[in-house]
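Where a number appears in this text, it was derived from the coordinates with a stated rule and is not lab data. Treat the numbers as computed from the prediction; the structure is a model and nothing was measured. As a convention, Cβ positions derive from the backbone with ideal geometry for all residues, glycine included, and neighbour counts pool all protein chains shown.
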Amino acid sequence: MLQKIGNITLVEYVYRRCLESKIADKAIVITSTDKTDDELYKLCSEKNIPVCRGSLNNVLERYLECAIDAQATIVCRVCGDSPFVDVEAIDEGFSLFEKNKNLDYISTENTLNGFMSEIISVNTLKKINSYLLSAADKEHVTKYIRENSSEFSTFSLNLHLKPIQLEHYTLTVDYESDLNIINTIITQLNDFSFKSSDIIAILNTLEG
């Protein structure tokens, strides 16, 4: 999260990308109270990025506590390693929740890794948090919902963002090679208001 992409850190980039949402009321970095995350917390504080801290291993509980603290009713989960998250999908998901009050969970499909996000109602987070969950369920937040979808009202957004010739690309930052690709793409972007189709176009030029 503290690695530089472009001229700012990854956490700053993802935060500023999320601010492009036209519907979300706020963007918050959710991290742990473990000392290994102290440096991340310090950076966010220095950069005036809202940050909330909670359990290291029980990420579900961390999300729920932070959502309640923020007085949120719906939460969009964006992984911190995804600088190119599809903001249009986020806003479409929020709009679907506004139209269908019975929805519990929205995921994205047919997309390159790095464009995806998830939207969950806080009431659903409360519901699954009350269950006797496995350590993996607590760590991966929506794992229980995805594996027990019949218990919930779910919807999957088809993003159509996975061209066959680009399937081998990963747009998340897990390895140094990922960082190199991300930085190559960023040199061709002017700001944070790009569309996923712009990223696809850049990747196609790299392929050529």
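Only the Cβ atoms of Lys and Arg (+1) and of Asp and Glu (-1) were treated as charged; on that basis the dipole of the chain about its Cα centre amounts to roughly 420 debye. I want the local charge near Glu46. Using Cβ-Cβ distances under 12 Å, sum +1 for each Lys or Arg and -1 for each Asp or Glu among the other residues. Counting the neighbours of Glu46, the net charge comes to 0. When you work out D = kT/(6 pi eta Rh) for the stretch 130-197 at 37 °C and 0.692 mPa s, using the Kirkwood radius from C-alpha pairs as Rh and the Stokes-Einstein form, the result is 208 µm²/s. Where both bridge residues fall in the chain, DSSP classifies roughly 45% of the beta bridges as antiparallel.
The overall shape of the chain is oblate: from the C-alpha gyration tensor, with semi-axes ordered a ≥ b ≥ c, the ratio a/c is 1.5 or greater and a/b is no larger than b/c. Which angle from 0 to 90°, rounded to the nearest 10, does the C-alpha axis of helix 59-69 make with the longest principal axis of the chain? Taking Cα atoms only, the helix is inclined about 80 degrees. Spatially close Lys pairs in the chain, defined by Cα atoms under 14 Å apart and a spacing of eight or more places or different chains, total 4.
Evaluating 6.51 cos²θ - 1.76 cosθ + 1.60 at θ = phi - 60° for every residue in the stretch 70-81, the Karplus couplings come out as 7, 6, 8, 10, 9, 10, 9, 9, 10, 5, x, 9 Hz, glycine and proline recorded as x. Among the cysteines of the chain, those with no neighbouring cysteine Cβ under 4.7 Å are Cys18, Cys44, Cys76, Cys79.
Under 5 Å from the amide H of Ile5 lie the amide H atoms of Leu10, each residue being 5 or more positions distant or on a separate chain, with H modelled from the backbone and absent for Pro and chain starts. Taking every DSSP beta bridge with both residues inside the stretch 89-208, roughly what % is antiparallel (nearest 5)? In the stretch 89-208, approximately 25 percent of DSSP beta bridges are antiparallel ones. Here is how the number arises for the chain: DSSP H runs of 4 or more residues each give -39500 (n - 2.57), the sum is divided by the residue count, and the result at 222 nm is -11500 deg cm²/dmol. Between the Cα long axis of helix 87-99 and the first principal axis of the chain there is an angle of about 30°, rounded to the nearest 10. Where both bridge residues fall in the stretch 27-148, DSSP classifies roughly 60% of the beta bridges as antiparallel. Gain on full extension, evaluated as 0.36 nm per residue between Asn190 and Ser150 minus their Cα-Cα distance, stands at 10.1 nm.
In order along the stretch 24-37, the Karplus-derived 3J(HN,Hα) couplings, from 6.51 cos²θ - 1.76 cosθ + 1.60 at θ = phi - 60°, round to 4, 7, 7, 10, 9, 7, 10, 10, 9, 8, 5, 4, 5, 9 Hz, and Gly and Pro are given as x.
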